[in-house]
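Worksheet: the structure to be examined is printed underneath.
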Amino acid sequence: MKIQFILNGMPAETEAPQDKTLLNVLRENFGLTGTKEGCNVGECGACSVLIDGRLVNSCLTLAAQASGHNIVTIEGVHLPDGSPNDLQQAFIEYGAVQCGFCTPGMVLAGEALLAQNPQPTRQDIRTAIAGNLCRCTGYQQIVDAIQSTAQNRQEKKGHA
Amino acid sequence: MPEFQFIGKPTDRVDAMEKVLGSAKYVGDYALPNMLVARTLRSTLPHARILKVDVSAALKIPGVVAAITCEDFVDHSRFGYPISDMFMLAYLRVRYAGDGIVSLAAENEDALDRGLKAIQVDLEELPGVFDPMTALDPATTIVSEHSRDATEDPRGNLLMHYIVRKGDPQRELALCPVTLEEDYSTMHQEHAYLETEGVLAVPVPEKNGVTVYAPCQSPFINRGNLVRTLGLSEENIRVIQPHVGGAFGGKDDLMYQISGQAAKLALITGRPVKMILSREESMIASYKRDAMQMHVQLGADADGKLRASKIHATVDSGAYSSITPFTAWRSTIHAMGPYRYDACHVDTDAVYTNNGYAGAFRGFGNTEVCFALEQAMDELALKLKIDPIELRLKNCLRPGDTTPHGQPLGDDVSLAECLEQVRKISDWKHKHTDYSRVAAKPLIPGEFRRGIGVAAVFHGMSLGAEGEDFAVGTLEINQDLSITLTSGLTDYGTGSRTVFTLIAAEMLGLNPERFSMPRPDTDQSFDSGPTVASRATVLGGNATRVAAEKLGLQLNQSAADLLECKVEEITRHGELFISPKEEPVSFEEVVNHAREMGLTLTSRGRWSPPKIHWSMETGQGKPYFAYHFGAQVAEVLVDTGTGKVEVTGFWAVNNTGTVIFPQGAFGQLYGGITQGLGYALMERVDYDNGYIQATNFDEYLIPTALDVPDIVGAFVEKTFSSGPYGAKNLGEPGLVPAAPAILNAITNATGRRIRSLPANLERVLLGKDLRKEGSSTACKLGLK
């Protein structure tokens, strides 16, 4: 069937069988391999994407269900010039990246939280990323990165 | 401490940028034109004779392109180190539920599914051995293939027996006023790397060879196995390591098997072959941390001075040996902990069973025995009515001491500093007194109780007397003045590429931005042994240092020639080369002049650690060239109504020597502790009659962000003379003491001792496990 959505800010269209997951459509039809498969049962969050700003496991979402919606993958997060945005930069700075496999999902989990709650506590952040497993870092560097980004965005807003 | 330009300063991980942007390519992200997909049919029985394998019906299915069995390889595809008892695909027998039998390549997943279902395999089920404690009974079924022991030793399933011998602990124990005798057991642990195993094999017809993209621990071992089993030479095979989505020791044997399977299919079909394991297949087929059962006896004087230890351990190696010979040796060496004794005996039996198989996992061997010994120390402290940290300080190894193995220690030993520092930063004295007072009162079910616990660790560096130990690094200055750095040791998320870059930059006085490290590639780097056993910083770091020294000498020769002075007179400021008289010259000028002089501007450094030796017969020697030391404290909140344990605080002090890449060091420490927390409280791989009981993250729970507190880490940076710039390794020791520290804290809170892992709700609440009979359904479904 024909699937149409806004993908990383641009209208996108593809053909896919009805039972094909959004994860596989993103990876195979669009070559957006930043979205990872870790478990395929919705437990690990490596396949996280944003649908209309909400964090979703793309392995549990059929591409057809995403039709007509606004999808953001990790490839749609960076600045227009291709450099990392402030949250991605904070991930680098705070050591929130080790093997990197959970990183795309973690960044999107962070963005989803900050869009909804611009001043999260550390506990809010931990709750927001609890659906995204990381086996390398112990999480606190990820919490640090999201927290510092929240503070910086607040300060910038104050100045604006 | 000397002032460094780059070492110990805040630095970004060299590969972080592509990882945050989502552009870093892992093996599953590669797609080539004309590529086939492949999968392996795996045994649904834990132990069986293979009577017949017929792939003819499968090959008739449209889209199925090729099928292979062990008969398509040299010597039935046998490989394995140090004992060669594994196969790329099973030969004669399957020995665990999940053992591979046939690999199939097809045009697409649909054809693959149908093809796998059409394969006909006749298996004759054999009795299995599932309890390691009965594996050595003379009447038991033989799992292993060797008749070696069957003739001389009736214990045919004995893989290895190791000893440590000092004095006569039996006699000493009889004389000790305070003794302890307890049994402890650990269970298998799944690595749970977020990226499952996968491989892409691309035929290279002009070389009659194959290039294998494999996120494995050790590309050179992978190539060696492929050379042997495919009957090709080293020139025919290239192994490239793409980004690795976590390994933790787990990307060895199964990665080598699927590399062999995909490579063979690529050679037969002449097309690229990609094989990516589902999480279920990964968890069923992959090796685990070994499960151990330990019997511990300790004896002390009334004042708390340790006199004797006597330990017997049984290691479940499962169906194959993998690196259990190394794991079991490491546990034997570390079983008595970092303490002084008048007498000490350790005996370890590693046995074959039909429970999956065990292999390398961060801290291999030491994690298991540390769990037992550090709880035993706590139990002894309670009996002696001595503070647990005091008891450890009273007995811990110190500079100049001799270990129970007969090894004199150097001045790098700093366990006492670690213990004292962790006591301070965790506010131990105050909390331990308070919590112990509450714990002495009768428990009112439903009340919340706090507890605090400590554990100490020593961890032998690198391979030890297990094998030949060396690493090689190279440097080359390119035309554009960038510098290419290679190492045969790989970075699977640990940060070792950044460590090597910083060491080379520091030694050469050149900006780290000039350096780049290609992904490890057997065609472009040199064999450096396996990337295991916390080897990278010291072994690979020293090899990089040696290569940089050599390259630096060439640059100084050029600068001296250019500036008309002696080499010794050259000094440096930033990237400038300075002589006593002339104007300073730039790196570029020095490089250009060096090329005119005919200098190669390439270098290769090789480093081996100081000599070590071990006697299997006397159980004495110098097992490792040095040790890492550390101490950790955990604080818990226990809900005595439900048995839920929350780790509310964690403090860790590790003796790292000079910290080269602080962000990486903290990452290793926090990540290691988090895996230890999972090991302590929730991670559970049961094998029920050979069938694994958890096949995905819905059943196998690992810590989430809500399960881990903010950890406080600190390093004792006492310079280590054999380390590059005084550094020690850190990959494993952060994990090792975490579980016993947490278990000791639970006891401090509840007064109840849990001697089996994991400390789940039932064990904390009732003191026993409630798990019902297992089932083979999930495992069998996962194999469909």
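The values are calculated or read from the model by the stated rules, or taken from the named source; none is laboratory data. None of these values were measured; they are calculated from a predicted model. Quick reminder, even Gly has a Cβ in these numbers, built from the backbone with ideal geometry, and neighbours come from all protein chains shown.
Figures for the structure shown
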quantity	calculated
Qualifying positions in the range B:233-258 - over 16 Å from B:G529 (Cβ atoms), touching a strand residue (DSSP E or B) at 6+ places or on another chain (Cβ under 6 Å) and either of a type in the set (A, V, I, L, M, F, W, C) or part of a loop (DSSP other than H, G, I, E, B) (or both)	B:I237, B:I240, B:P242, B:G245, B:I258
Residue that is nearest to A:G100 (Cα to Cα) [pool: residues in the range A:116-133 that are crowded, with 24+ Cβ neighbours inside 10 Å and within 7 Å of another protein chain (Cβ to nearest Cβ)]	A:L133
Considering residues of the range B:756-779 that are part of a helix (DSSP H, G or I) and not charged (D, E, K, R) only, the residue modelled with the lowest pLDDT	B:L766
Exclusive hit being surrounded by fewer than 16 Cβ atoms within 10 Å (Cβ to Cβ), of a type in the set (A, V, I, L, M, F, W, C) and either out of contact with any Lys or Arg (no Cβ under 9 Å at 6 or more places or on another chain) or within 14 Å of chain A (Cβ to nearest Cβ) (or both), set B:L45, B:L32, B:L21	B:L32
Hey, B:P703 out of contact with any Cys (no Cβ under 6 Å at 6 or more places or on another chain), within 14 Å of chain A (Cβ to nearest Cβ) and surrounded by 24 or more Cβ atoms within 10 Å (Cβ to Cβ) or not	yes
Matching residues in the range B:557-571 - criterion: being assigned to a helix (DSSP H, G or I), within 14 Å of B:E583 (Cα to Cα) and under 47 Å from the mean Cα position of the chain (by Cα)	B:A559, B:A560, B:E569
Residue in the range A:41-58 that is within 14 Å of chain B (Cβ to nearest Cβ) and β-branched (V, I, T) present	yes
Which listed residue, of A:A96, A:A109, A:A90, is out of contact with any Lys or Arg (no Cβ under 8 Å at 6 or more places or on another chain) and farther than 30 Å from B:R279 by Cα	A:A90
Scan of the range B:652-662 for residues that are within 13 Å of chain A (Cβ to nearest Cβ) and either surrounded by 24 or more Cβ atoms within 10 Å (Cβ to Cβ) or under 20 Å from the mean Cα position of the chain (by Cα) (or both), ordered by number	B:A652, B:F661
Subset of the range B:188-221 that is within 14 Å of chain A (Cβ to nearest Cβ) and among the small types (G, A, S) - its residue that is surrounded by the fewest Cβ atoms within 10 Å (Cβ to Cβ)	B:G198
Residue tally, condition within 13 Å of another protein chain (Cβ to nearest Cβ) and either more than 21 Å from B:P740 (Cα to Cα) or in contact with a strand residue (DSSP E or B) (Cβ under 7 Å, 6 or more places away or on another chain) (or both), over the range B:668-685	6
B:G552 in a helix (DSSP H, G or I) and buried (at least 24 other Cβ atoms within 10 Å of the Cβ)	no
Residues of the range B:241-274 classified as away from every other protein chain (no Cβ under 14 Å), farther than 17 Å from B:G356 by Cα and touching a Leu at 6+ places or on another chain (Cβ under 9 Å), total	13
Number of the exception - B:E582 against (1) away from chain A (no Cβ under 14 Å); (2) touching a Leu at 6+ places or on another chain (Cβ under 6 Å); (3) buried (at least 16 other Cβ atoms within 10 Å of the Cβ)	(3)
Helices (runs of 4 or more DSSP H) contained in the range A:28-132 and holding at least 2 residues out of contact with any Asp or Glu (no Cβ under 6 Å at 6 or more places or on another chain) and either without any contact (Cβ under 8 Å) to a residue 40 or more places away in the chain or hydroxyl-bearing (S, T, Y) (or both)	A:86-93, A:103-116, A:122-128
Any hit, the range B:2-10, residues being at pLDDT 95 or above, assigned to a loop (DSSP other than H, G, I, E, B) and away from chain A (no Cβ under 12 Å)	no
Residue ranges of strands (runs of 3 or more DSSP E) in the range B:72-167 with at least 1 members in contact with a Phe, Trp or Tyr (Cβ under 9 Å, 6 or more places away or on another chain) and buried (at least 20 other Cβ atoms within 10 Å of the Cβ)	B:100-106, B:158-166
Residue that is surrounded by the most Cβ atoms within 10 Å (Cβ to Cβ) [pool: residues in the range B:408-445 that are assigned to a helix (DSSP H, G or I) and of a type in the set (K, R)]	B:R423
